[in-house]
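**Student:** Quick one: the structure is below, questions incoming.
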Amino acid sequence: MAKILIAEDDRISQKLAVKIVEELGHTAFVSPNGKHAYESLMTNSGFDLLLTDIMMPEMDGRQLIQTLRGDQRFNNLPIIIMSAVVGLNDISNLLKLGATRFLAKPLERTELEDYITRCLCAEKPCHK
């Protein structure tokens, strides 16, 4: 079972992501914005994966990724971006910043499940 941090300010997307994470047998923690997510990661280094939106108050997803990738403690933390408001150049730039995967909103259950499984299996051997 993995600990997954979900940085998302939209309540509907939060609830859907939490439901999918928990149905996969993992534990979900929700942060309403990037700043809260960063503070959560700094005080609790036991997270196995970060799911984050881009457009959020206080600290957006881009700033969050940049800040995390600038700290070597988070070099290997898988980060999945969830967003509806980016184009191909934006996706490319987010991946260059250090995002592991990009997922378009609205969230699609099987795609999110697949991305979570792939990211977690890349960190540790998984048995399917």
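**Student:** In the set Asp9, Asp53, which member is within 20 Å of Phe102 (Cβ to Cβ) and in contact with a Pro (Cβ under 7 Å, 6 or more places away or on another chain)?
**Tutor:** Asp9
**Student:** Okay, moving on. Search the stretch 88-109 for residues that are within 16 Å of Asp10 (Cα to Cα) and pair each with any residue that is part of a loop (DSSP other than H, G, I, E, B) and of a type in the set (A, V, I, L, M, F, W, C) when their beta-carbon atoms are under 9 Å apart and the residues are at least 6 apart or on different chains.
**Tutor:** Ala104/Ala84; Ala104/Val86; Lys105/Ala84; Lys105/Val85; Pro106/Ala84
**Student:** Oh, and also: State all residues of the stretch 17-39 that are outside any helix (DSSP H, G or I) and either over 14 Å from the mean Cα position of the chain (by Cα) or charged (D, E, K, R) (or both); if no residue qualifies, say none.
**Tutor:** Kept after step one, since they are outside any helix (DSSP H, G or I), are these residues of the stretch 17-39: 24-33.
Selection gives Leu24, Gly25.
**Student:** Further question: Consider Gln14 against the criteria (1) in a helix (DSSP H, G or I); (2) out of contact with any strand residue (DSSP E or B) (no Cβ under 6 Å at 6 or more places or on another chain); (3) of a type in the set (S, T, N, Q): it satisfies all of them except one. Which criterion is unmet?
**Tutor:** Only one criterion in (1) in a helix (DSSP H, G or I); (2) out of contact with any strand residue (DSSP E or B) (no Cβ under 6 Å at 6 or more places or on another chain); (3) of a type in the set (S, T, N, Q) is unmet by Gln14, namely (2).
**Student:** Determine, yes or no, whether Glu23 is at positive phi and of a type outside the set (Gly, Ala, Ser).
**Tutor:** no
**Student:** Here's something else I'd like to know. I'm checking my understanding of the structure. Among residues of the stretch 82-124 that are β-branched (Val, Ile, Thr) and modelled with pLDDT of 90 or more, which one is farthest from the chain's Cα centre (by Cα)?
**Tutor:** Of everything passing the filter in the stretch 82-124, Thr110 is farthest from the chain's Cα centre (by Cα).
**Student:** Just checking, how many residues over the stretch 1-39 are buried (at least 20 other Cβ atoms within 10 Å of the Cβ), in contact (Cβ under 8 Å) with a residue 40 or more places away in the chain and of a type in the set (Ser, Thr, Tyr)?
**Tutor:** Residues in the stretch 1-39 being buried (at least 20 other Cβ atoms within 10 Å of the Cβ), in contact (Cβ under 8 Å) with a residue 40 or more places away in the chain and of a type in the set (Ser, Thr, Tyr): 0 in total.
The values are calculated or read from the model by the stated rules, or taken from the named source; none is laboratory data. These numbers were taken from a predicted model, which means no experiment stands behind them. Counting neighbours? That spans all protein chains shown, and the Cβs are built from the backbone with ideal geometry, glycine included.
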